[in-house]
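To start, the structure itself, in structure tokens.
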Amino acid sequence: MNWRYTMTLDFENFSVEIDAEATRKAYESLPRTGEKCGCVGCRNFTLAIGDALGEGGRRFFTSVGIDDPAKATESYVNFAQKDETLCYGGWYHLCGRIERRVEAVPDVTAAEWGEASVLHVGSRLDVSFRDGEDIIGREAAFGDAAIVQMEFVAWGVLWVLDEPNPYPDE
């Protein structure tokens, strides 16, 4: 697959180059998360994640080549929050590569290091990146392109299905 890096995400300990157009092309043929998995968590994710991200989150996804954030490679409910909204985790694949990664920084606590490896996209979405052997579930739509795994945590996702939310009881 011929591609070019159309954008670079720079944050403290990472620089990630992404080909948004190649990513967009790959996602054209991918199903929505709730079409791959019929569990209530994935079906709710498919219907609720777009609104939960807000305008800024949706713009971020579009900028990296994901026009429909309901097409996560994987999504799962981490926990129900006190207000009964959900915290979701999961990941997406993007055409690209990690250009710069600082593996260890002297005199920094684990919490500070973890914070420096996360990109905050608004108040309800955090993303981080993996590559190489850490990538899980590569889709055929990406062919032999270099890909990175964009992992996410999204807070405050509403329960929108017309059936009981089982997560507050877990």
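Taking amide H atoms as placed 1.01 Å from N in the peptide plane, list the residues 5 or more away in sequence, or in a different chain, whose amide H sits under 5 Å from that of Glu74.
Long-range HN contacts for Glu74: Trp91.
Is there a quick way to get the dipole size of the chain? I mean about its Cα centre, with the Cβ of Lys and Arg at +1 and of Asp and Glu at -1; what is the value in debye to the nearest 20?
460 debye
Quick one: with all protein chains in place, what share of the accessible area of the range 126-170 is carbon or sulfur, to the nearest percent (1.4 Å probe)?
49 percent
Give the longest segment of the chain that steers clear of trypsin sites (Lys or Arg not before Pro) in DSSP loops with at most 10 neighbouring Cβ atoms within 10 Å, not counting the sites themselves. Please report the intermediate quantities before stating the final value.
Numbers: sites that count: Arg4, Lys82.
By the stated rule (loop sites, at most 10 other Cβ atoms within 10 Å), 83-170.
Might you list the cysteines of the chain that have no disulfide-compatible partner by the rule of another cysteine's Cβ under 4.7 Å?
So, Cys39, Cys87, Cys95.
Ignoring ligands and nucleic acids, what accessible area does Asp134 show with a 1.4 Å probe (Å², nearest 10)?
80 Å²
Between beta-carbons, use under 10 Å as the cut-off and find the net charge around Thr46, counting Lys and Arg +1, Asp and Glu -1.
Cβ neighbours under 10 Å give a net charge of +2.
On average over all directions, what projected area in square nanometres does the chain have, based on the convex hull of its Cα atoms?
Over every viewing direction, the Cα hull of the chain projects on average to 10.5 nm².
What FRET efficiency do you get for Ala140 and Cys87 if R0 is 25 Å and r is their Cβ-Cβ distance, rounded to the nearest 0.05? Present the calculation step by step, with values, prior to reporting the outcome.
Values: r = 30 Å, r/R0 = 1.21.
With R0 = 25 Å, the Cβ-Cβ based efficiency is 0.25.
Rank these by accessible area, largest first, 1.4 Å probe: Val160, Val121.
Working: Val160 65, Val121 20 Å².
Highest to lowest solvent-accessible surface, that is Val160, Val121.
Using only the alpha carbons, work out the radius of gyration and Dmax of the range 12-86 in angstrom.
13.7, 40
Just the number please: accessible area per residue for the chain, 1.4 Å probe, all protein chains included, in Å².
In whole numbers, the chain has 52 Å² accessible per residue.
For Asp162, Asp68, Asp10, Asp51, give me the order by solvent-accessible area with a 1.4 Å probe, most accessible first, ignoring ligands, DNA and RNA. List each step's numbers first, then the result.
Numbers: Asp162 160, Asp68 40, Asp10 100, Asp51 125 Å².
So the residues, ranked largest to smallest area, are Asp162, Asp51, Asp10, Asp68.
Taking only DSSP H segments of four or more residues, each worth -39500 (n - 2.57), what value at 222 nm results for the chain once the sum is divided by all its residues, to the nearest 500 deg cm²/dmol? Before the final figure, lay out the partial values.
Working: 4 runs with 43 residues, N = 170.
Theoretical 222 nm ellipticity from helices: -7500 deg cm²/dmol.
Pulled fully out, how much extra length does the chain show between Arg59 and Ser29, if you take 0.36 nm times their separation in residues and subtract their Cα-Cα distance? Working shown, then result.
Working: separation 30, 0.36 × 30 = 10.80 nm, distance 2.07 nm.
Result for the pair: 8.7 nm of gain on full extension.
Any chance you could look up the accessible area of Glu21 with a 1.4 Å probe, heavy atoms only, rounded to 10 Å²?
Roughly 90 Å² of Glu21 is accessible to a 1.4 Å probe.
The values are calculated or read from the model by the stated rules, or taken from the named source; none is laboratory data. These numbers come from a predicted model, not from an experiment. Reconstructed Cβ throughout: ideal geometry from the backbone, glycine too, with neighbour counts over all protein chains shown. The protein model used for the area step is the full one, side chains on, heavy atoms only, and it has no ligands, DNA or RNA in it. Shrake-Rupley method; radii C 1.70, N 1.55, O 1.52, S 1.80 Å.
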